[in-house]
Amino acid sequence: MRLSIAVTNFSWPDGSRTLGPRVSRIARIADQAGFHTLWTMDHLFQISINGPAEADMLECYTTLAYVAGQTERIRLGVLVTATPYRHPGVLVKTVTTLDVLSGGRAWLGLGAAWNDFESKGLGIPFPPTAERYERLEETLRIARQMWAGDTTQFQGQHYLLENPINNPNTLQDPRPPILIGGQGERKTLRLVAEYADACNLFDAPPGTAHIPTGPDVLKHKLDVLARHCENVGRPYAEIEKTVTSHVSPSRDGRGGTNTPAEIVEHFAELAALGIDHAIVETPYPWDEESLDLIAGIVPELKRIVPAGR
């Protein structure tokens, strides 16, 4: 089972002048500890699960470019890119550049987006839900076409790319892995089956989110994904099943925190459902003690074989 970290909270008490060194330190520790991927999130304002909208928030791809220069092995991705925020041609060029300059370590994470508050706050067009999903599917098609080296005109309902040149192309062959985030059963999981290499589902204690969570929910979502795969003729086993998991690591588990042993036990239960990859984040900014505790379980998780593998 793979283990990754998400760096989503930048509200360290010493302010913005130390954000660069702090992010660098967290990235270097994660790189050396053997985490699979370091993820940022595509939010321009902080989200409520982590703090007030006015809290410090770094732009995701600039942060990953900085991290790429501080690390050697860990893979890099956005969990997940909000499709309406960037033109797909520019997005593909951005991820390609990250892949080339990092030595072939980029993911493309995509989602339809949901945060109209930050979009309106910064004046970013935010189409209705149906249109956002149409744009998501076109973006997926454009990414696959450009990474295949196909420069023929792309004509969609929302995007026209007359000559989608992408040089240099990615170092990863045939392309960076594509992850789609979200739990929607009719559209999101269908798009995973048709276009993606990985899905991302939500794993959090009850009451921490406004969407259903828990093992039964995850099992149901995986069953839905399996049916979509069957409908499109795609082997279900080809898709990497990931979850974003909120944890509060501590040595003793006091105050509702989670010991490393409890976290391993929880992830083993998820692996038994078929989850391949856990992405952990904390409700507070990462500190070295918390990161060291999570890093300590990397070898144990590598010994866990998810169901279906």
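The values are calculated or read from the model by the stated rules, or taken from the named source; none is laboratory data. Computed from a predicted model, the values in this text were never measured in an experiment. Methodologically, a virtual Cβ is constructed for each residue, glycine included, from the backbone with ideal geometry; neighbour enumeration extends over all protein chains shown.
Annotation note: of Leu179, Leu136, Leu191, the sole residue that is of a type in the set (A, V, I, L, M), under 29 Å from Leu273 (Cβ atoms) and in contact (Cβ under 8 Å) with a residue 60 or more places away in the chain is Leu179.
Give Gly253, Gly274 a once-over and let me know the one that is in contact with a helix residue (DSSP H, G or I) (Cβ under 9 Å, 6 or more places away or on another chain) and at pLDDT below 95. Can you show your working first?
Working: Gly274 fails: at pLDDT below 95.
The match here is Gly253.
No other residue among Thr151, Thr170 is in a loop (DSSP other than H, G, I, E, B), buried (at least 19 other Cβ atoms within 10 Å of the Cβ), polar (S, T, N, Q) and more than 18 Å from the chain's Cα centre (by Cα) apart from Thr170. Of Leu76, Leu64, all but one fail to be part of a strand (DSSP E or B) and of a type in the set (A, V, I, L, M); the exception is Leu76. Inclusion of Glu230 among residues that are free of Cβ contacts under 8 Å to residues at least 40 places away in the same chain and over 17 Å from the mean Cα position of the chain (by Cα) is warranted.
With respect to Arg227, determine if the residue is basic (Lys, Arg), surrounded by fewer than 17 Cβ atoms within 10 Å (Cβ to Cβ) and modelled with pLDDT of 95 or more. So that I can check it myself, show each step before the final result.
Details: basic (Lys, Arg): yes; surrounded by fewer than 17 Cβ atoms within 10 Å (Cβ to Cβ): yes; modelled with pLDDT of 95 or more: yes.
The answer is yes for Arg227.
When Ile178 is tested against the conditions (1) out of contact with any Gly (no Cβ under 9 Å at 6 or more places or on another chain); (2) surrounded by 19 or more Cβ atoms within 10 Å (Cβ to Cβ), the lone failure is (1).
Pairs linking a residue in region 296-309 that is modelled with pLDDT under 95 to a residue that is in a helix (DSSP H, G or I) and not basic (Lys, Arg), with Cβ atoms under 6 Å and 6 or more positions apart or on different chains, are Ala307/Ala272; Gly308/Ala237.
Quick one: in region 73-130, which of the residues that are over 17 Å from Gln145 (Cβ atoms) and of a type in the set (Ser, Thr, Tyr) is surrounded by the most Cβ atoms within 10 Å (Cβ to Cβ)? Let's see the steps before the verdict.
So in region 73-130, the residues over 17 Å from Gln145 (Cβ atoms) come out as 73-82, 84-85, 97-98, 100-107, 109, 111-130.
If we keep only those that are of a type in the set (Ser, Thr, Tyr) too, we end up with 81, 85, 97, 102, 119, 129.
Working: Thr81: 27, Tyr85: 20, Thr97: 16, Ser102: 21, Ser119: 19, Thr129: 13.
So the residue we want is Thr81.
Among the residues of region 49-61, which ones are farther than 16 Å from Ala106 by Cα, under 16 Å from the mean Cα position of the chain (by Cα) and either acidic (Asp, Glu) or assigned to a helix (DSSP H, G or I) (or both)? Scanning region 49-61 gives a single hit, Glu59.
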